[in-house]
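A.B. asks: I have a structure I would like to understand better, so I am pasting it below and will then ask my questions one at a time.
Throughout, read-outs are computed from the coordinates displayed, never taken from laboratory work. These figures come from a predicted structure and were not determined experimentally. Here the Cβ positions follow ideal geometry from the backbone for every residue, glycine too, while neighbour counts run over all protein chains shown.
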Amino acid sequence: MNGWTGQCLRVNLTQDNYKLEEVPRQLMEKYLGGRGLGAKVLSDDVDPQVDPLSADNKLIFVSGPLVGTGAVTGASCNVVTKSALSGTIACAKLRGHFGAELKYAGLDMIIVEGQAESPVILSIIDDKVSIRPALEYWGRTTSETEALFKKNMPDKWASRDTYLLSIGPAGEKLVPLANIINDGFLSVGGAGIGAVMGSKNLKAIAVKGSHSVTVADGNRFGQTVTTLINKLNSAPLTSQSMTAWGSAFFVGLCNQKGILPFKNFQRSAFEESKSVGTETLAKAFALRARGCFACPIACIKKTDVSNPLFKGKGMAPTYLAIGALGLNCGITDLTTIGMANMICAEMGLDPIAAGGTLATAMEMEEKGIVSKETLKLELRFGQGEDLLQALTLMATKKGHAKRIGIGAKALAEEYGNPQLFMGVKGIPMAPFDPRAIQGMGLHFATSNYGPHHLYAYTFIDEVLNVHSQEDPWTTAGKPELVKRYQEITAVMDSLGLCNWLLMGLKFNNFVPMVNSALGTGFKADDLLLIGERIWNTERLFNIKAGIDGSYDTLPERFIKEPIPDGPAAGQISKLSEMIGNYYHLRGWDAQGRPGPEILKTLDIT
C-alpha cells in the first residue's frame, strides 16, 4: 500500500511472544492511521472501565501514513492508551525520528498487551524482533538507557541509526505523572502513559529499519512537497520565529495578551515574563537548531548543559517549560527552568503535569494548608532549589515526595481544597490562562485528552492571527473555531504531521500532498469528516469510562475570579456562553453525548 505498510506487530508480554497482523486498507482510509487508528483499536480492544495499570490495558504505537515519505514534517508517531492519571483516553505525540524508523521497519503500528514478569526491552531491527531482558537498564534515566542500549549493540554502525523511546524512573515507579521520552528528550502530551508502560515492565522500544515507504504519484508528490516547503520558507513565523527560538517566542506574544499564568494561575505573569523572553534565552543558552524527520522548521533548540547532574547535550526551555515549570511556579530564572525541563526528560515526567502539581502544592503551602513539616519537603513559589529537588524525588518516590507524585487533583483533594487544582479531567492545565483566551478555554474544557493546547491549537488564530483575526478575549465564533481546530488536529495527528505547519500553511494546502502520497481522492471536507469521526470515537471511549459531559468544565477560579492584573485584567472565562452552542454544532445532546444522527453520519458503530 502507498504510504501505509498495512502491517501491525502485536506483542504479548505475558506470553513473551509476538505476531504480525495485516491492517485492512478500508480501516486505514476510515481513520487514516496515527492517532485515529490508535483510538479505533483501543476502543475495539480495551474495556473503557479497565484499570489503566492492569495487564488488560494496551499500549498502541502508531505512525501516520505520511511519516517516512518525505512529506513536510511527516515524523509524528502517536502513543494511545488509557491514562493512569486521568482515566481518559490518552495520546502522546512522539516527534524526532522514531516514527519514520517504525515505518522503515515495515510497520504502521505496534500493539503491546499483557505484562512481562520482569523488565524487558522490545527491539525491532528491520525484520528481526526480540523481547530482551532489561534488568541492567531498570532504574536508569532515559539518556542512560539509550546510551547503554546502543553501546551493547553488536553492530556499532547500526547503533547510530537506532532510535529509542523509553521510560525513566517515574514510569518504573508507576508515578501517574510519568510520560514516555523519545530521541533523548522529546515528548508532547500523554501524562500517565509512562506509568502504563512501566506497569507492563517495558523499559524501552528500540527500532531501526531499512525498508522504503512508497507513494502513489512520486512526481506530483515531490512537486507538492517542494511547493509547501517554499511557502513555509516565506512565512515569517515558520522561517524566522520558530526557526530562531522554537516555541519560546510565544512568551512575548502571550505576555501582550495577559495569557501567561503566574503562581498557579493566581494572576498574570505580565511583569515577570519579561525576564524569560527570547533576549534572555539567547544570553542564558547557546542555541542550536534541531529538526524532526523531514522538517524544514527545526524548532527544537539544543544547548549544552553544564550542571553536573545531567552534564552534556540538552534541550533549551520551550514555552511549555517556561510556563509550567517556571512562571506558574513563580520562577523566573531560565537556567533553573532549563534544568527542571531536563530533569523531567531524564526522569520521564510530563512537564505540564509535574509543574501543575508542584504549583498546586506551592499555593497550598502559601495559604497555610500544608507546611514543610506536613510534606517533609519545602515547596515555595519562586524557589528553584525546592522545585528541582521535588522533581527528582517525586520521580523516584523517595521520601515524602511520593505523596506529591499522585498528581495535583489528588493532592488538592487529599488536603480538602479541590478548588486549588487548576486542571480538567484530572490533568493540570497547559500554561495558557483560559480567561484571556476564550476559544482555548472552551477546548480545554471539552478536550478528550485534558487541557492540552496541541489538540486544538486555536492560539494560531486567537493570538497569531494567521488565518483569521480573532480576538482572544471574546466568545464570538469560538465554538466553530474550536470544533474546526479539534478536527484539523485529529487529522494532522493521524497523518503524522506537525501542528506547527498551520503557522505557515492552510489546511487545504495539505490535501494534494495527502492524495499524491496515498492514491486517494480526498477533499478537505472529507478529511475534516474523518477528524470528526476520530474526535467522536475518543469521546465515546471516555463516556464509557465514566468521563461524561459533567467533566466538560473549568476550575472555579477561571469562571468566578477575574484576572487581577496585566493586559487581560478583569477577564473571566465565559465557558457557559459557548458550550451549549459547541454541543449543538457537534450533534451532541445537552449532556454532551453524541446523538444517533451524528454517529450514523460518521459511520461509528
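A.B. asks: Could you tell me which of rounded, prolate or oblate describes the stretch 458-605, using a ≥ b ≥ c as the square roots of the eigenvalues of the alpha-carbon gyration tensor, with rounded for a/c under 1.5 and, failing that, prolate when a/b is larger than b/c and oblate otherwise? Write down the numbers at each step before the final one.
C.D. replies: Details: a/c = 2.45, a/b = 1.26, b/c = 1.94.
Judged from the Cα gyration tensor, the stretch 458-605 comes out oblate (a/c at least 1.5, b/c at or above a/b).
A.B. asks: Local charge sum around Ser63 (other residues, Cβ-Cβ under 10 Å, Lys/Arg +1, Asp/Glu -1)? All intermediate terms of the calculation are to be shown ahead of the outcome.
C.D. replies: Working: positive: Lys103; negative: Glu101, Asp108.
Once all neighbours under 10 Å are counted, the net charge is -1.
A.B. asks: How high is the relative contact order of the stretch 448-605? Use alpha-carbon pairs under 8 Å, at least six apart in sequence, and give a whole percent.
C.D. replies: Relative CO of the stretch 448-605 lands at 23 percent.
A.B. asks: Over 22 Å between Cα atoms, which of Lys30/Lys478; Lys82/Lys376; Lys40/Lys600 qualify?
C.D. replies: Numbers: Lys30/Lys478 28 Å; Lys82/Lys376 32 Å; Lys40/Lys600 16 Å.
Beyond 22 Å: Lys30/Lys478; Lys82/Lys376.
A.B. asks: On to the next question. List the pairs from Lys173/Lys544; Lys58/Lys128; Lys150/Lys301; Lys128/Lys200; Lys151/Lys231 whose alpha-carbon separation is above 30 Å, in the order I gave them. Walk me through the intermediate numbers first.
C.D. replies: Values: Lys173/Lys544 28 Å; Lys58/Lys128 22 Å; Lys150/Lys301 24 Å; Lys128/Lys200 22 Å; Lys151/Lys231 41 Å.
Listed pairs above 30 Å: Lys151/Lys231.
A.B. asks: Relative contact order for the stretch 554-605: what percent, with Cα pairs under 8 Å and sequence separation of 6 or more?
C.D. replies: On the way: 33 pairs, mean separation 9.8, N = 52.
Relative contact order comes out at 19 percent.
A.B. asks: Now a separate question. Rounded to the nearest angstrom and ordered from largest down, what semi-axes does the equivalent ellipsoid of the stretch 352-423 get from its C-alpha gyration tensor (root of 5λ)? Walk me through the numbers before you get to the answer.
C.D. replies: Values: eigenvalues 52, 33, 28 Å².
Calculated on Cα positions only, the semi-axes equal 16, 13, 12 Å.
A.B. asks: Considering only C-alpha atoms, what is the centroid distance from the stretch 58-72 to the stretch 190-258, in Å?
C.D. replies: After rounding, the separation between the Cα centres reads 11 Å.
A.B. asks: Related question: So what's the net charge close to Gly407: Lys and Arg +1, Asp and Glu -1, counting the other residues with Cβ under 11 Å from its Cβ?
C.D. replies: -1
A.B. asks: Using the membrane-span-like helix rule (whole DSSP H runs, Cα extent along the own axis of at least 27 Å, mean Kyte-Doolittle hydropathy at least -0.5), which helices of the chain qualify?
C.D. replies: Details: long enough: 524-544 (30 Å, -0.12).
Span-like helices here: 524-544.
A.B. asks: Treating the stretch 252-378 as a set of equal point scatterers at the Cα positions, no solvent, please give the Debye-formula log₁₀ I(q)/I(0) at q = 0.14, 0.15, 0.19, 0.21 Å⁻¹.
C.D. replies: -0.66, -0.75, -1.11, -1.26
A.B. asks: Could you work out the pair-distance distribution P(r) of the stretch 84-152 from its alpha-carbon pairs, with 10 angstrom bin width and percents rounded to whole numbers?
C.D. replies: Percent of pairs per bin, in order: 15, 40, 42, 4.
A.B. asks: Shifting gears a bit: For the ranges 274-285, 141-152, 492-503, what's the packing order if you count other beta-carbon atoms within 10 Å of each residue, average per peptide, and put the highest first? Display every interim value, and only then the final one.
C.D. replies: Details: 274-285: 16.8, 141-152: 18.7, 492-503: 25.9.
With the highest mean Cβ count within 10 Å placed first, the list reads 492-503, 141-152, 274-285.
A.B. asks: Now a separate question. Note the per residue figure in Å³ for the convex hull of the C-alpha positions in the chain.
C.D. replies: Details: hull volume 79.4 nm³, N = 605.
Enclosed volume per residue, from the Cα hull, is 131 Å³.
A.B. asks: What does the stretch 1-119 give for Rg and for Dmax, in Å, if only its C-alpha atoms count?
C.D. replies: Rg then Dmax for the stretch 1-119, in Å: 13.9, 41.
A.B. asks: Hey, with R₀ at 56 Å, roughly what FRET efficiency would Lys506 and Glu373 work out to, going by the Cβ-Cβ distance, to 0.05? Mind dumping the intermediate values first?
C.D. replies: Working: r = 57 Å, r/R0 = 1.02.
After rounding, the FRET efficiency stands at 0.50.
A.B. asks: Also, I was wondering about something else. Regarding the stretch 538-605, what whole-number volume in Å³ per residue does the convex hull of its Cα atoms give?
C.D. replies: Working: hull volume 7.6 nm³, N = 68.
Considering the Cα atoms of the stretch 538-605, their hull volume per residue is 111 Å³.
A.B. asks: Normalised by the residues of the chain, what does the relative contact order come to in percent, with Cα pairs under 8 Å and at least six apart? Don't skip to the end; give the middle numbers.
C.D. replies: Numbers: 1453 pairs, mean separation 99.8, N = 605.
Across the chain, relative contact order equals 16 percent.
A.B. asks: Could you tell me the ratio Rg/Rh of the stretch 437-489? Both radii from Cα atoms, Rh via Kirkwood. Mind dumping the intermediate values first?
C.D. replies: Working: Rg = 9.7 Å, Rh = 10.6 Å.
Rg/Rh for the stretch 437-489 comes to 0.91.
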